[in-house]
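I have placed the structure first, in the form of structure tokens, so that the comments after it can refer back to it.
The values are calculated or read from the model by the stated rules, or taken from the named source; none is laboratory data. This one's a predicted model, so the numbers in the text were calculated from it and none came from an experiment. When we count neighbours, we look across all protein chains shown, and the Cβ atoms used for this are built from the backbone with ideal geometry, even at glycine. Keep in mind that these areas ignore ligands, DNA and RNA; they rest on the heavy atoms of the full protein, side chains included. Shrake-Rupley method; radii C 1.70, N 1.55, O 1.52, S 1.80 Å.
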Amino acid sequence: MNYWHCSQNTVSMATLCSTSALARTHVRTQTNNSSCIVLANRISDSIQTEHTSRAERKRRDSFGMFDGYDSCSEDTSSSSSSDESEEEVAPLQSSLPIIKNNGQVYTYPDGKSGMATCEMCGMVGVRDAFYSKTKRFCSVSCSRSYSSNSKKASILARLQGKPPTKKAKVLQKQPLVAKLAAYAQYQATLQNQAKTKAAVPVEGFSWGNYINSNSFTAAPVTCFKHAPMGTCWGDISEGVRVEVPNTDCSLPTKVFWIAGIVKLAGYNALLRYEGFENDSSLDFWCNVCGSDIHPVGWCATSGKPLVPPRTIQHKYTNWKAFLVKRLTGAKTLPPDFSQKVSESMQYPFKTSMRVEVVDKTHLCRTRVAVVESVIGGRLRLVYEESEDKTDDFWCHMYSPLIHHIGWSRSIGHRFKRSDITKKQDGHFDAPPHLFMKVKEVDTAGEWFKEGMKLEAIDPLNLSAICVATIRKVLADGYLMIGIDGSEAADGSDWFCYHATSPSIFPVGFCEINMIELTPPRGYAKLPFKWFDYLRETDSIAAPVKLFNKEVPNHGFHVGMKLEAVDLMEPRLVCVATVTRIIHRLLRIHFDGWEDEYDQWVDCESPDLYPVGWCQLTGYQLQPPAPQSSRDSQSSSSKQKKKAKSQQYKGHKKMTSLQLKEELLDGEEYSFLQGASDQESNGSASYYIKQEP
């Protein structure tokens, strides 16, 4: 993503005062063909040569807050509407423009208190920056236009879209066009914001407080290619400047000020108002993709006032010079940032679409389901035969568990036919191109065969990697796999993985990567040895070369925070931590819960999200379980071992409300916190050599 900065083209204050030097700076910037915009480029368009009239130069020495806002000089209190001093006004460093957007030059207020409204154009701004002693007009142009025509005539002319007189037309032409353009862009911005869903706060939990109090780090947005802005986040980082609402202000209207990003945590940013230096007393967290964060220059375009926070209002006498110094060389968001956020949150799946999805009661087959709702790309699917619409299943639109209608028949997968003979009114099949495509494989040569042994993540207990067997080879590279020692006689608990799935591994994967391998249930010869087991079962291991060995540069590190789906209860999105990384495999721990609830997940899983995703999309986030709840679930896990169910729900987490209800029993519990494995990517080989 493109950002505005001037790190490659540093411009000094002395250079900015020279028109020719500024022109050269502009040319040099264009020659570099850089996507970044130097903060001081095109300044020569607004600062005229030495032959420019004094009045014109005086008028262009603006000290306003947004586009088209003009004032006389640095000392506005000594100027008047009828006075044109013969004294030369030298260009001051403090009056240099700071940021430009779409060819317009923007400047900033000096922080003096009080607001005023121009009686000619209706512009609102800092009172002391207005023209004339009476502070009735924002510029010389407005003052002259008003004095040339009656107030009633000028208002009527503005409503009709034309100036009242020919003289006024000449004087008003440029400011009026600029203001109309700013207003049009402001309206477009409002429309884009209306399309973007407002961020929804999570009641009772604050990511900002959670991260600050424990000095946590969060996985960057770029780790999640399926999430909004995941592929176009760019280099948003600490130090980027934005315009945000000024909450430290007593003015009745909503005003803004510039803030810098102090810390990033996913979508969330810790912001500090410019001028507070090392003072963190008013730091606040905000979702970068929310509707209240804008690139520097947005206020100028939208006609919004920039006002310094009240706490530091009198800290500097010249806020303009301060901002010039602070913003020169700084980065900000691109002007179309909010538009890109809105576009990245448009999802192709619509309600009433029909899909094939895994049957959560019998993993070996699929069923027809209908999209009931779409939240942040996550689909609530209601099985077609569910009359009361309570038999549902949650998954992401890129999940490998959903497919287009007819997929099961095309590859030979088991399918439960619906009792509904025809589509219900309004329901329609989702187009095949909407679904995630799997990598094509060549099955003509050496390929997987029935009976071959391998290691696989148990879909009914995602914290375990188990000894498994290929039970059936389907078309297009799909395999039916069963967990040794716990299979149903009718094969109803077989599950389908593609040959390129990151959830299946060759024999020896756990041993070489020091992961505990779950042996077949009832297997007495421990510790488990693959060589002995293959000989005892008279079976062979699947060839190593048939497995997916690609390891992307995912960017995750041990200890990073994120929001993760509990795949055992896929309607829940929880606060989670990466506790271990084995190549592309992540061990996800749900904060506040026992380690037995951990889950092995691929680094590109669509069920992992950046911090702040729930707030951005309006999805409910499950906070970490409180200490009393931990005691409860710890004791419960010791008292009884839950039997493994065929339904796609393993160890079921409870929501905060359910936990509170269970704790009403008043039993005493003891809590033992399991130590988390801090292993990162190892240097060992990805696969172990097979024994003969």
Hits in segment 579-606 (condition: assigned to a strand (DSSP E or B) and either in contact with a Leu (Cβ under 8 Å, 6 or more places away or on another chain) or of a type in the set (S, T, N, Q) (or both)):
T579, R580, L586, I588, Q599, W600, V601, D602
Mind listing just one residue for me: the one in segment 480-516 that is open to solvent by 30 Å² or more (accessible area, probe 1.4 Å) and among the hydrophobic types (A, V, I, L, M, F, W, C) and, of those, modelled with the lowest pLDDT?
A489
Does R535 satisfy the condition of being open to solvent by 30 Å² or more (accessible area, probe 1.4 Å) and either in contact with a Pro (Cβ under 9 Å, 6 or more places away or on another chain) or in a loop (DSSP other than H, G, I, E, B) (or both)?
no
Report yes if some residue within segment 388-397 is modelled with pLDDT under 95 and of a type in the set (K, R); otherwise report no.
yes
So which residues in segment 320-333 are open to solvent by less than 10 Å² (accessible area, probe 1.4 Å) and either closer than 20 Å to G239 by Cβ or aliphatic (A, V, I, L, M) (or both), if there are any at all?
L323, V324, L327, T332, L333
Search result, residues across segment 547-572 that are closer than 23 Å to L454 by Cβ and surrounded by fewer than 19 Cβ atoms within 10 Å (Cβ to Cβ)
N548, K549, E550, V551, P552
Would you tally the residues in segment 366-379 being of a type in the set (D, E, K, R) and surrounded by fewer than 19 Cβ atoms within 10 Å (Cβ to Cβ)?
1
Selection status of S399, within 19 Å of D476 (Cβ to Cβ), part of a loop (DSSP other than H, G, I, E, B) and touching a strand residue (DSSP E or B) at 6+ places or on another chain (Cβ under 9 Å):
yes
Residue within segment 412-419 that is open to solvent by 70 Å² or more (accessible area, probe 1.4 Å), part of a loop (DSSP other than H, G, I, E, B) and free of Cβ contacts under 8 Å to residues at least 40 places away in the same chain present
yes
Residues E596, E536, E569, E563: which one is on the phi < 0 side of the Ramachandran plot and without any contact (Cβ under 8 Å) to a residue 12 or more places away in the chain?
E536
Which is open to solvent by 50 Å² or more (accessible area, probe 1.4 Å) and touching a residue at least 60 places away in the same chain (Cβ under 8 Å), of G208, G204, G266?
G204
Selection within segment 573-597 - crowded, with 23+ Cβ neighbours inside 10 Å and acidic (D, E):
none
Which ones in segment 237-252 are open to solvent by 10 Å² or more (accessible area, probe 1.4 Å), touching a residue at least 24 places away in the same chain (Cβ under 8 Å) and assigned to a loop (DSSP other than H, G, I, E, B)?
S237, E238, G239, N246, T247, D248, C249, S250, L251
